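Input: a single structure, listed below in structure tokens.
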Amino acid sequence: MRSIRVLAAMLLAVSQVAAAAVEPVARHALQAVPSQPVPSQTPEYVPPVPLLWKVSDGDNALYLLGSFHLLKDDDYPLSADVEQAFADAESLVFEIPPAALNDPAAPAKFLSAAAYDDQRTLSAVLPPRLREKLRRLLTRQGGSLARVDGYEPWFVNLSLLMGLSRSLGFSAEQGLDRHLMARAEAEGKPAGGLETFEDQLRALDSIPMEEQVAGLADFLDRPQEMPATLAALHQAWRDGDVVELDALTRLEMLQKTPETYRTVNVARNEAWLPRLQDRLEAPGDDDTLVVVGALHLLGEDGLVEKLRDRGYDVERICRACEAPASPTPQPPL
């Protein structure tokens, strides 16, 4: 799968608002592969194993929950561990405040950030070979290069991913963030954000053009590999498999697109840490459920290890991860 995994990692890095803003363009102009049948739900449902950690300082706690921003109907209901963390938390925090989802200006802001600041076009920044591959792909799907010529490659990458994800049965409406935002609103729990919509746009828009083009080339050279990549990523998230998820996303991004990794992951994590510490060190015993893309919790640059390094008690909450007790040996007859 090589560095095509870098594109898939973006699904665990960008917020629900970004996914929702890209979706209309993906629907009308970009769909990477024909629609695929959605597997039917297995008769015996097993909820996803959560990527959930509890960070404590003695009087209150943060629950860190790794999200997948695009999910399916049969990814619900959630595990008992997540339900307990939600019940225990007096408030929730997401990457971006829930109100940003309903901001009517959000799609226009997103498209403005995705546009070029100068007179360049997508056709001008792409090598001829890559431009022709993109043109053929869009034409086969009833779109056109002209519809996306004013947008930077990072936006086209996300749009291609959204089109493909939708054809495989994924939806931003079913994402874990949006699900828990709706639950918080219904139950009257306060919900905030770690950054603004504009902060996230600046992070995406500052990805070096060289890495943007390389990412698009990676997709267009091997579009047939993406369904399997997304399936593997989704399964690793459902399994709560930190090692596999790290290999599929963070490590590949770090190696292949280091500046993208720094911009969309490391720098944002560092900006969020003081806000999380403020909640931990606030007086009282109120707990908070923090829901961010799973990429932000992985590895030495992730929020889990960063908070552990700062001296907080950190434990993974995962009853499904516990090894079953060994049966008691029976005496020989």
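The values are calculated or read from the model by the stated rules, or taken from the named source; none is laboratory data. All of these numbers come straight from a predicted model, not from anything done at the bench. FYI the Cβ positions are ideal-geometry reconstructions off the backbone, even for glycines, and counts take in every protein chain you see. Side chains are part of the model used for accessible areas, which takes the heavy atoms of the whole protein and leaves out ligands, DNA and RNA. Shrake-Rupley method; radii C 1.70, N 1.55, O 1.52, S 1.80 Å.
Give me the aspartates and glutamates in straight-line cross-link reach of K189: C-alpha distance below 13 Å, same-chain residues under 8 apart excluded. Partners within reach: D88, E90, D286, D287. A simple count of charges around K189, restricted to other residues whose Cβ falls under 10 Å of its Cβ and scoring Lys, Arg +1 and Asp, Glu -1, yields -2. Ignoring lysines fewer than eight residues from K133 along the same chain, the ones with Cα atoms less than 23 angstrom from its Cα are K256. Separation of segment 82-99 from segment 103-128 is 33 Å, based on Cα centroids. Net charge in the neighbourhood of R135 (other residues with Cβ under 12 Å of its Cβ; Lys, Arg +1, Asp, Glu -1) is +4. Estimated at 0.36 nm per residue, the fully extended path between E244 and E132 surpasses their Cα-Cα distance by 36.9 nm. Mean separation of Cα pairs under 8 Å and 6 or more residues apart, divided by the residue count, gives segment 85-204 a relative contact order of 51 percent. A straight Cα-to-Cα reach below 22 Å connects K306 with the lysines K54, residues fewer than 8 places away in its own chain not being considered. Note on C318 and T196: the model spin-label points, each 7 Å out from Cα along the C-beta direction, lie 3.7 nm apart.
Sequence-distant contacts, meaning Cα pairs under 8 Å at least 6 residues apart, place the relative contact order of segment 185-293 at 32 percent.
For Q84, neighbours were defined as the other residues whose beta-carbon sits under 13 Å from its Cβ, and their charges (Lys and Arg +1, Asp and Glu -1) total -2. Loop-resident GluC sites (Glu not before Pro) (DSSP state other than H, G, I, E or B) in segment 147-203 with no more than 11 further Cβ atoms inside 10 Å of their Cβ: E187.
Taking all protein chains into account, the per residue accessible area for segment 191-313 stands at 39 Å² (1.4 Å probe). Near V93, the amide H atoms lying under 5 Å from its own belong to G192, L289, V290, V291; only residues 5 or more places off or on other chains count, and H is placed 1.01 Å from N.
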